[in-house]
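Remarks on the structure that follows.
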Amino acid sequence: MGHRGFNLVGGEWVDALGGGTFLRRNPADPEDVVGEFPDSTAEDVRAAVAAVEEGAAEWAEVSAERRAEVLRRAADLLEGRRTALTAELVREEGKTAAEAAMETSRTPLNLRFHAAEAQRVDGRAYRGDDGGLVYTWREPVGVVGAITPWNFPLNIPSRKLGPALAAGNGVVFKPSPITPLMAQRLTEALLAAGLPPKALALVHGGARPGAAVAEDPRVGAVTFTGSTATGRAVHAAAGPTRRVQLEMGGKNAVVVLPDADLDKAARIIVKGAFGLSGQACTGTSRVIALPEVHDPLLDRVVKLAREVEMGPLAADFQLRKTLDYVRIGQEEGAELVTGGRRLPGKGYFVSPAVLTGVGRGSRLAREEVFGPVLAFQRASDFDEALELANDTEYGLAAGLVTRDLNRALDFARRSRTGVVKVNQPTTGMAMNVPFGGLKASSTQTYKEQAGPSMMLFYTQEKSVYISPLD
């Protein structure tokens, strides 16, 4: 048996109230049990919210500098455990060692970035009509519910817990059941850094506690990253009177123009499509190539795809979904050029798949796979390529490979996505830049990551009028 995990409620490490547990297994070897964790219910969430509501009031009164210091200390603690965390992340989620090391190094940087933002929350002053003072300030929302995914189990939670705590909120943290150990490690670091124990709750489990977080009226704001279907359910549960931040799916395309360096284009595409085993919301899932470059680009991409080192998919359902979409693509008339097969052994390993001749209205061209499956499409010219790239319900990221600055600017202006990458992989975002999508990829009202726009979500504005005394 591996690690024994617990919920954190009211400053105490506890089992689920109903006594239920679940096992998390190593996706590279499902016989290896990473740990046993509480299988929580709505009752556990209600207890967690009650405790955090009390702790949030105390934390809101702590100075901005003190809140920042806690985040900086947590960053130091995580950095000091980086080697062990990297090994645990590889075992629990299935990243390669290099990908895991990148995440464990990025997470402390996120917390330090948000620590600095703690002292930048401010307001404005105005002259009143009667000669008095009118001013605004921003104050904490109160209790924030953070529902996080498994594909970046340290990085994404740190982008939510960091700013929420920096602004003076309490947080109910509901991580994915695929990566409970990483959630436990992040929570442990924050407590060891001096965070008041009741300012944060950790509630493990699946859909039931996630829904309960979204439904609880005491939770003033809900931030969620995950699938579009689940995100829509979270939004409906939270209702119209509470703030909700959703980052959801994508069907991200890279357009390659005839003037592109095809070797560079192939490297950009393969990194975006097959890094993290294709399990990234901003991952490249489509290539739209003009006739002059389609075949030579396809040859280069296939060659690189056959050389890619990938970890296992995170779970059996991810493996089955990936293989299903390879089959669906072929049934729709696409040609499987390489990969798309389960590899021998115990784990959830699959070879990177590249399909060509993918039709515009096909499921493979329109639905999110969230796995290492790359669809090639043809376009007759730049305008048709842009139209194809936009022809999806999603609007997260899009890429263009070209030497033509005018085309790049035109693509950026007309792309219906929240992120546009020119001569770069669709994956990989700077922490000081706003992140979010359009259409079905996001609620679009609040951006993640960057300082001023990010902190708007975790604070609420109050206007104060003061008239001069007679």
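The values are calculated or read from the model by the stated rules, or taken from the named source; none is laboratory data. Just so it is clear, the model here is predicted, and its values are computed rather than measured. Glycine also receives a Cβ, built like all others from the backbone with ideal geometry; neighbour counts cover every protein chain displayed.
Only one entry in Glu387, Glu461 is surrounded by fewer than 21 Cβ atoms within 10 Å (Cβ to Cβ), in contact with a Lys or Arg (Cβ under 7 Å, 6 or more places away or on another chain) and among the acidic types (Asp, Glu), namely Glu461.
Set side by side, the residues Val90, Val34, Val9, Val49 differ, and just one is surrounded by 18 or more Cβ atoms within 10 Å (Cβ to Cβ), β-branched (Val, Ile, Thr) and either more than 22 Å from Ala207 (Cα to Cα) or within 22 Å of the chain's Cα centre (by Cα) (or both), which is Val90.
Here Val121, Val144 are screened, and the one residue that is in contact with a Lys or Arg (Cβ under 7 Å, 6 or more places away or on another chain) and within 30 Å of Glu461 (Cβ to Cβ) is Val121. Out of the residues in the stretch 233-255 meeting the condition of being free of Cβ contacts under 8 Å to residues at least 24 places away in the same chain and assigned to a loop (DSSP other than H, G, I, E, B), tell me which one is farthest from Asp391 (Cα to Cα). So the residue we want is Thr241.
For the stretch 93-125, the candidate set comprises residues that are modelled with pLDDT of 95 or more and charged (D, E, K, R); within that set, the residue that is farthest from the chain's Cα centre (by Cα) is Arg112.
Where strands (runs of 3 or more DSSP E) fall entirely within the stretch 125-174, those with at least 2 residues that are of a type in the set (Ser, Thr, Tyr) and in contact with a strand residue (DSSP E or B) (Cβ under 6 Å, 6 or more places away or on another chain) are at 133-140.
Do we have Gly194 as at pLDDT 95 or above, over 25 Å from Gly231 (Cβ atoms), over 17 Å from the mean Cα position of the chain (by Cα) and assigned to a loop (DSSP other than H, G, I, E, B) here? Lay out the reasoning, then the answer.
Working: at pLDDT 95 or above: yes; over 25 Å from Gly231 (Cβ atoms): yes; over 17 Å from the mean Cα position of the chain (by Cα): yes; assigned to a loop (DSSP other than H, G, I, E, B): yes.
Yes; evaluated as a whole, the condition is true for this residue.
Cβ-Cβ contacts under 9 Å between residues 6 or more apart (or on different chains), taken from a first residue in the stretch 18-29 that is without any contact (Cβ under 8 Å) to a residue 40 or more places away in the chain and not assigned by TED's automatic domain parsing to the domain that holds Ala314 to a second residue that is surrounded by fewer than 17 Cβ atoms within 10 Å (Cβ to Cβ) and not in a strand (DSSP E or B), are listed as Gly18/Glu43; Leu23/Met1.
From the list Thr392, Thr427, the one residue that fits, being modelled with pLDDT of 95 or more, out of contact with any strand residue (DSSP E or B) (no Cβ under 6 Å at 6 or more places or on another chain), closer than 30 Å to Arg320 by Cα and not assigned by TED's automatic domain parsing to the domain that holds Phe274, is Thr427. Would you check if Gly428 is out of contact with any Pro (no Cβ under 6 Å at 6 or more places or on another chain) and crowded, with 21+ Cβ neighbours inside 10 Å? It is false that Gly428 is out of contact with any Pro (no Cβ under 6 Å at 6 or more places or on another chain) and crowded, with 21+ Cβ neighbours inside 10 Å. Taken over the stretch 367-380, the criterion of being outside any loop (DSSP other than H, G, I, E, B) and either aliphatic (A, V, I, L, M) or crowded, with 21+ Cβ neighbours inside 10 Å (or both) is satisfied by Val373, Leu374, Ala375, Phe376, Gln377. Inspection of the stretch 378-391 finds no residue satisfying the criterion of being touching a Gly at 6+ places or on another chain (Cβ under 8 Å), touching a residue at least 12 places away in the same chain (Cβ under 8 Å) and acidic (Asp, Glu). Based on what the data block shows, is Pro258 free of Cβ contacts under 8 Å to residues at least 60 places away in the same chain, in contact with an Asp or Glu (Cβ under 6 Å, 6 or more places away or on another chain), part of a loop (DSSP other than H, G, I, E, B) and not basic (Lys, Arg)? So Pro258 passes the test. Restricted to the stretch 37-46, and to residues that are in contact with a Gly (Cβ under 8 Å, 6 or more places away or on another chain) and in contact (Cβ under 8 Å) with a residue 60 or more places away in the chain, which residue is surrounded by the fewest Cβ atoms within 10 Å (Cβ to Cβ)? Restricting to residues being in contact with a Gly (Cβ under 8 Å, 6 or more places away or on another chain) and in contact (Cβ under 8 Å) with a residue 60 or more places away in the chain, the top hit is Thr41. When the stretch 299-357 is filtered for residues that are touching a Ser or Thr at 6+ places or on another chain (Cβ under 9 Å), among the basic types (Lys, Arg) and within 26 Å of Glu92 (Cβ to Cβ), the ones remaining, listed by number, are Arg341, Arg342. One residue alone among Ala74, Ala98 is among the hydrophobic types (A, V, I, L, M, F, W, C), assigned to a helix (DSSP H, G or I), on the phi < 0 side of the Ramachandran plot and touching a residue at least 60 places away in the same chain (Cβ under 8 Å), and that residue is Ala74. Note on the stretch 288-335: residues that are within 25 Å of Asn151 (Cα to Cα), out of contact with any strand residue (DSSP E or B) (no Cβ under 7 Å at 6 or more places or on another chain) and of a type outside the set (S, T, N, Q) amount to 16.
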